[in-house]
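Working notes, structure below.
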Amino acid sequence: MPFHRPSALRHANFRRFFFGETINTAGSSMSGIALAFAVLHIDDSATALGWVVASWTVPMVAFMLIGGAVADRLPRAVVLRGCNLVEGAVQLTAATLVLTGSAHIWQLIVLQFLGGTAVAVSYPAFHGMVPILLPEPDRKSAYLLLGQAQSALSIIGPAIAGVLVAASSPGWALAIDAATYFVAAFFLTLLRLPPHVRPQAEAGVIADFREGWSFARGLGWVLPVACCSLVFNALSSGALNVLGPTIAKDTIGSDGWGYGRAAQAVGLFVFAFVLARINLRRPLLACEVGFLTTAAPMLVLAGWVHTIPLVVAFFISGCGSAVINLSWSMTVQEKVPEQMLSRVNAIDGFFSFVAMPVGQLLVGPAAQLLSPRQVEIGAAALCVLTFLVGTTRAPLRQLRLDGVESAPSGIP
């Protein structure tokens, strides 16, 4: 079969954006595991890890709505470049502290707070970039390509991070992540966008936010999806991101946990080929199915903690992530005007992430009060219950994409 270049890559601006962001994701795929085991080396408790992880999540959520208004008011490429420089500096500082053996929990909490604040602005800016870089017919190709290529680059990231942690220090993985932020900032300087691409802004950032909030509520489906995501993200952030490494440390080790998280990226990569050939006519219902797959690794951690079953479970979860990413992206780009994209994505991000600190902070005490196995079982059961409730919501069941194609395009 002859090779066909994805249509999005024919555009120079998107190529530059794509290369920078995928390299950045490769580094970020290592940092989560590296940070977790750096914290556990200092204080071997799920509670300490929960505080560090939550210190990143809290400012990200708290400033997300304002961040969306900022990203819709200013050129998004400029906003992203500045945020990447801040995040690179944060990770470089953390890497230096860890590598020199002088890191303390309070220092990592402060650094993660700064990084989370930058993400509150960069997240909505990133999710509003594709429509200003590409015409509508090439956007499905772009969304699939971003998800697939970034996951491909991150497949080996968690495994490498696990090996680095086991063989030397998690600080090296943090240093690599810092370098990739600077690379992404460089590629963003190469974008050539026309001047005044942003629409006329309101009198202030708060007025911009209010306008976006009213628009999102009027759509009828943004908040129901975000509320379902709220529950799933709270459960996964606690049961997987905090309690998962703690369980793995005493069973399959950091390398086994790294292989499991790498399998999640493999699932996202592989399933993108399937999604490139089908039309998601009811994308928000597909989102709910994708959310449900997060229960798979929880069940393994609750029952049979071995590397191979965990790899399979995370692979299934990765397939679900591919469905979520494409379904949401295609829905928003069709139903939301370009000048509202960052604000709508910020509103979704706020409700999706606002309960993550709750999961991160409560999972340690809950595991001490009950047991890690019981916490994982309870989290999986709540995933199923939320899925069942979500599928009863009429806006999620009934929304259809008007612009679905009769034949797939983009990735061959």
- [ ] First measure r as the distance between the Cβ atoms of H104 and V163, then evaluate 1/(1 + (r/R0)^6) with R0 = 30 Å and state the FRET efficiency to the nearest 0.05.
- [x] 0.70
TODO: Take S55, S371 and order them by how many other Cβ atoms sit within 10 Å, fewest up front.
DONE: S371, S55
Open item on the list: If you fit an axis through the alpha-carbon atoms of helix 341-353 and take the longest principal axis of the Cα set of the chain, what angle between them do you get, 0 to 90°, nearest 10?
Closed with: 20
TODO: Kindly identify the stretch 213-368 as rounded, prolate or oblate by the Cα gyration tensor criterion: order the square roots of the eigenvalues as a ≥ b ≥ c, call it rounded if a/c is under 1.5, otherwise compare a/b with b/c, prolate if a/b is larger, else oblate.
DONE: oblate
Open item on the list: Rounding to the nearest 10 and keeping the result within 0 to 90°, find how far the Cα-based axis of helix 76-99 lies from the longest principal axis of the chain.
Closed with: 10
Task: Given charges at Cβ of Lys, Arg, Asp, Glu: the stretch 1-74 dipole, positive-most of I42, A8, V61 - done: A8
TODO: Once you have a ≥ b ≥ c as the square roots of the Cα gyration tensor eigenvalues for the stretch 312-366, tell me rounded if a/c is under 1.5, and otherwise prolate or oblate according to whether a/b is larger than b/c.
DONE: oblate
TODO: On a 0 to 90° scale, report how tilted helix 307-335 is relative to the longest principal axis of the chain, with both axes built from alpha carbons and the result rounded to the nearest 10.
DONE: 20
Task: Cα gyration tensor shape of the chain, rounded if a/c is under 1.5, else prolate or oblate by comparing a/b with b/c - done: rounded
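Any read-out appearing in this document is the output of simple, stated calculations on the displayed coordinates, not a laboratory observation. Quantities reported herein were computed from a predicted structural model and do not represent experimental measurements. Cβ coordinates were reconstructed from backbone atoms using ideal geometry, including for glycine residues, and neighbour counts include every protein chain displayed.
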